[in-house]
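To start, the structure under review is shown below, and the notes come after it.
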Amino acid sequence: MLHIGITGQAGFIGTHLFNFFGLRKEEVTRIPFEDNYFDHKDKLEEFVSKCDVIIHLAALNRHNDPHTIYNTNVLLVNKLIRALETTGSKPHILFSSSTQEERDNMFGQSKREGRRLLAEWAERNNASFTGMVIPNVFGPFGNPYYNSVVATFCHQVCHNEQPHIEIDAKLKLIYIGELVQIIWKAIVDRESMIEYRIPHTAEKSVSELLEYINHYKSTYLEKGIFPELSSPFEVNLFNTFRCYMDIPNYYPVKLVMNTDNRGSFVETIKSQLGGQVSFSTTKPGITRGNHFHTRKIERFAVIKGKARIQLRRIGTSKIINFDLDGNQPSYVDMPVWYTHNITNTGNEDLYTIFWINEFFNPDDPDTYFETV
């Protein structure tokens, strides 16, 4: 059992790592961290003494005074080193640096210096150290105007704001889920490397990214059609986009019911993706689901009966409720990292059509059970 702590646990990468480790309860015990530990010597020392692995993510990315960025980030590293040396702790340290190291700015310089200081600590103490140099990271729940241009564009497009391209640069990108897997492998393999350059998995210009995101808006958000996603990068970008939608107000989406003397006809799914369609009946009062996915794209369409669909983002407590009625068929799509369920709230059988973008694979189900 590995005891793993993450400084900067509440940040973008930290949140995804914390949730990922939560899926591995038989392998990992998560050691909680709060940013104020850096201001309390005893709490920081207690934290490091409990950890077999520490992933140091905490850093200041932006400030009006560039020197404040540099001084803050180097100070955090020095505080961490002092706590390690005071307690005699020798966990495997993984340090999150950035390709900004290559640029002449204070953030990049602070990351380069922090990596050097931790490498020297590891050498003095015969400890394992992995100095990760990470490309541009994107994924669900990144902060717009802060974490990445992808987060900013997704937020702007989903909220009918006009994105602006200042420099149409080529960006080397990695999806947060891919980065988390690489970090996990480095932990398992106890990868010790002063400079570990994380490989990017895609390279796109800023204008190409905006083109994709605008396409998702016009195809999916405005027409309800799942767009063609021809690569893992496109699936990841689409899943990122969906998490910036105004989910409580967008769903449920009502479907058009065509009725004549023969009965009714409803188109429930329009997709350029293929995938798998399933059908279920649910008895009154019964709940299905209470699980979440990290990559799958899924739709619940209620065509008969009454249902309540509930969603809750993993790691948060807010529950989103949607009430659907088969008298007006409608659907809700499940964002990644949202646990979800569906309950028959009526007095008759509930008829639901489920669509998912990939066939069910029992060896890799991407289904994690957690009560909403």
request  = Select from the range 232-252 the residues that are surrounded by fewer than 17 Cβ atoms within 10 Å (Cβ to Cβ) and aromatic (Phe, Trp, Tyr) and list them in ascending order.
outcome  = Tyr250
message = Condition check: of a type outside the set (Gly, Ala, Ser), farther than 20 Å from Leu350 by Cβ and touching a strand residue (DSSP E or B) at 6+ places or on another chain (Cβ under 7 Å). Does Lys283 satisfy that?
response = no
request  = Hey, could you check the range 200-214 for residues that are buried (at least 16 other Cβ atoms within 10 Å of the Cβ) and not hydrophobic (A, V, I, L, M, F, W, C) and say which is nearest to Ile269 (Cα to Cα)?
outcome  = Tyr212
Options Leu324, Leu311, Leu273; residue that is among the hydrophobic types (A, V, I, L, M, F, W, C), assigned to a loop (DSSP other than H, G, I, E, B) and not assigned by TED's automatic domain parsing to the domain that holds Gly14 = Leu273
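Residue-by-condition table, conditions (1) within 20 Å of the chain's Cα centre (by Cα); (2) among the small types (Gly, Ala, Ser):
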| site | (1), (2) |
| --- | --- |
| Ala10 | yes, yes |
| Ile13 | yes, no |
| Arg30 | yes, no |
| Phe33 | yes, no |
| Tyr37 | no, no |
| Lys41 | no, no |
| Phe47 | no, no |
| Lys50 | no, no |
remark   = Flagged pairs (Cβ under 8 angstrom, 6 or more apart or on separate chains; first in the range 301-320, free of Cβ contacts under 8 Å to residues at least 12 places away in the same chain; second assigned to a strand (DSSP E or B) and not small (Gly, Ala, Ser)) are Lys318/Arg312
Selected residue (only one of Ile54, Ile69, Ile13 is aliphatic (A, V, I, L, M) and not in a helix (DSSP H, G or I)) = Ile54
query = Could you say whether any residue in the range 329-343 is within 22 Å of the chain's Cα centre (by Cα), of a type in the set (Val, Ile, Thr) and either closer than 14 Å to Pro284 by Cα or crowded, with 22+ Cβ neighbours inside 10 Å (or both)?
reply = yes
query = Got at least one residue in the range 83-101 being in the same structural domain as Thr7 (by TED's automatic domain parsing), of a type in the set (Asp, Glu) and under 20 Å from Glu123 (Cβ atoms)?
reply = yes
ask   = Checking Gly275 against (1) touching a strand residue (DSSP E or B) at 6+ places or on another chain (Cβ under 6 Å); (2) within 22 Å of Asn357 (Cβ to Cβ); (3) surrounded by fewer than 16 Cβ atoms within 10 Å (Cβ to Cβ), which test does it fail?
value = (3)
inquiry  = For the range 173-199, which positions are surrounded by 18 or more Cβ atoms within 10 Å (Cβ to Cβ) and not in a helix (DSSP H, G or I)?
reply    = Leu173, Ile174, Tyr175, Tyr196, Ile198
Count of residues meeting criterion [outside any strand (DSSP E or B) and of a type in the set (Gly, Ala, Ser)] in the range 330-372 = 1
note = Here, strands (runs of 3 or more DSSP E) confined to the range 91-149 with at least 3 residues that are in contact (Cβ under 8 Å) with a residue 40 or more places away in the chain and touching an Asp or Glu at 6+ places or on another chain (Cβ under 9 Å) are 129-134
ask   = Among (1) crowded, with 21+ Cβ neighbours inside 10 Å; (2) over 18 Å from Gly11 (Cα atoms); (3) of a type in the set (A, V, I, L, M), where does Leu75 come up short?
value = (1)
message = When you scan the range 157-172, do you find a residue that is of a type in the set (S, T, N, Q), surrounded by fewer than 13 Cβ atoms within 10 Å (Cβ to Cβ) and in contact with a helix residue (DSSP H, G or I) (Cβ under 8 Å, 6 or more places away or on another chain), even just one?
response = yes
request  = List the number of the failed condition for Phe292; all other conditions in (1) surrounded by 14 or more Cβ atoms within 10 Å (Cβ to Cβ); (2) outside the structural domain of Asn344 (by TED's automatic domain parsing); (3) not charged (D, E, K, R) hold.
outcome  = (2)
message = Looking only at residues that are closer than 17 Å to Ile356 by Cα and either of a type in the set (Asp, Glu) or in contact (Cβ under 8 Å) with a residue 40 or more places away in the chain (or both) in the range 215-231, which one is surrounded by the fewest Cβ atoms within 10 Å (Cβ to Cβ)?
response = Glu228
key: Filtered residue count, the range 142-187, keeping only those that are touching a strand residue (DSSP E or B) at 6+ places or on another chain (Cβ under 7 Å) and of a type outside the set (A, V, I, L, M, F, W, C)   = 5
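The values are calculated or read from the model by the stated rules, or taken from the named source; none is laboratory data. Please read these numbers as outputs of a predicted model, since none were measured by experiment. A quick note on method: Cβ atoms are made from the backbone with ideal geometry, for glycine too, and the neighbour counts reach across all protein chains shown.
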